[in-house]
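Engineer: This is the structure, below, for whatever I ask next.
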Amino acid sequence: QVQLVETGGGLVQAGESLSLSCAASGNIRDLTVMGWYRQPPGKQRELVARIKNSDNPYYKDSVKGRFTISRDNVKNTVLLQMNSLKPEDTAVYYCNAVEITFEAGRIEYWGQGTQVTVSS
């Protein structure tokens, strides 16, 4: 079993920056993909950014140029640097990881979530 723990959420004003961190622990074998989702109040969860072991980051169009995702495969962490935050970025942000093994196939893990609130 793998556990994901997010840190770094908080309350900021529009235009400011915030950095989120997610640390994976437990029986880690190979986290092929790690990323961040978010769920704005009253809306469905959406993909914000993801990154594979081989890099190749993906970003939601609305965060391109403002957010940067990175990972440390030694520490099993994934970071999300968020700059120029907007009120519409307000959401609960969830860390996500995907593991593919021969025995169990595709396994997906989720963190508890961390609140990001951007005021105008």
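Engineer: Taking segment 39-55 only, how many residues are open to solvent by 70 Å² or more (accessible area, probe 1.4 Å) and within 15 Å of the chain's Cα centre (by Cα)?
Structural biologist: 4
Engineer: Quick test for you: out of T68, T117, pick the one residue that is in contact (Cβ under 8 Å) with a residue 40 or more places away in the chain and among the β-branched types (V, I, T).
Structural biologist: Just a single option satisfies the conditions, and that option is T117.
Engineer: Looking at Y94, is it farther than 24 Å from V2 by Cα and either under 13 Å from the mean Cα position of the chain (by Cα) or among the hydrophobic types (A, V, I, L, M, F, W, C) (or both)?
Structural biologist: Considered against the rule, which asks whether it is farther than 24 Å from V2 by Cα and either under 13 Å from the mean Cα position of the chain (by Cα) or among the hydrophobic types (A, V, I, L, M, F, W, C) (or both), Y94 comes out as no.
Engineer: Is it the case that segment 62-69 has a residue that's within 19 Å of V92 (Cα to Cα), open to solvent by less than 90 Å² (accessible area, probe 1.4 Å), touching an Asp or Glu at 6+ places or on another chain (Cβ under 9 Å) and aliphatic (A, V, I, L, M)?
Structural biologist: There is at least one residue in segment 62-69 that is within 19 Å of V92 (Cα to Cα), open to solvent by less than 90 Å² (accessible area, probe 1.4 Å), touching an Asp or Glu at 6+ places or on another chain (Cβ under 9 Å) and aliphatic (A, V, I, L, M).
Engineer: List, please: which pairs have Cβ atoms under 7 Å, are six or more places apart or on different chains, and start with a residue in segment 1-22 that is within 14 Å of S120 (Cα to Cα) and end with one that is in a strand (DSSP E or B) and modelled with pLDDT of 95 or more?
Structural biologist: L11/T117; L11/S119; V12/L18; V12/V118; Q13/S119; A14/V118; A14/S119; S17/M82
Engineer: Step by step: first the residues of segment 2-18, then only those that are β-branched (V, I, T) and under 20 Å from E99 (Cβ atoms), then the one that is least open to solvent (accessible area, probe 1.4 Å). Which residue is that?
Structural biologist: Per the stated criteria, the residue is V2.
Engineer: Filter segment 19-38 down to residues that are of a type in the set (G, A, S) and farther than 20 Å from A91 by Cα and give me whichever is surrounded by the most Cβ atoms within 10 Å (Cβ to Cβ).
Structural biologist: Among those that are of a type in the set (G, A, S) and farther than 20 Å from A91 by Cα, it is A24.
Engineer: For segment 75-87, check the following and say yes or no: at least one residue is out of contact with any Ser or Thr (no Cβ under 9 Å at 6 or more places or on another chain) and at pLDDT 95 or above.
Structural biologist: no
Engineer: Within segment 77-97, identify whether any single residue is over 20 Å from V12 (Cβ atoms) and of a type in the set (D, E, K, R), and answer yes or no.
Structural biologist: No, segment 77-97 has no match at all.
Engineer: Tell me, yes or no, whether segment 21-32 has at least one residue that is assigned to a strand (DSSP E or B) and closer than 16 Å to K86 by Cβ.
Structural biologist: No.
The values are calculated or read from the model by the stated rules, or taken from the named source; none is laboratory data. Bear in mind that the values here come from a model prediction, so they are computed numbers and not experimental data. Counting neighbours? That spans all protein chains shown, and the Cβs are built from the backbone with ideal geometry, glycine included. Just the protein is used for accessible areas: all its heavy atoms, side chains included, with ligands, DNA and RNA removed. Shrake-Rupley method; radii C 1.70, N 1.55, O 1.52, S 1.80 Å.
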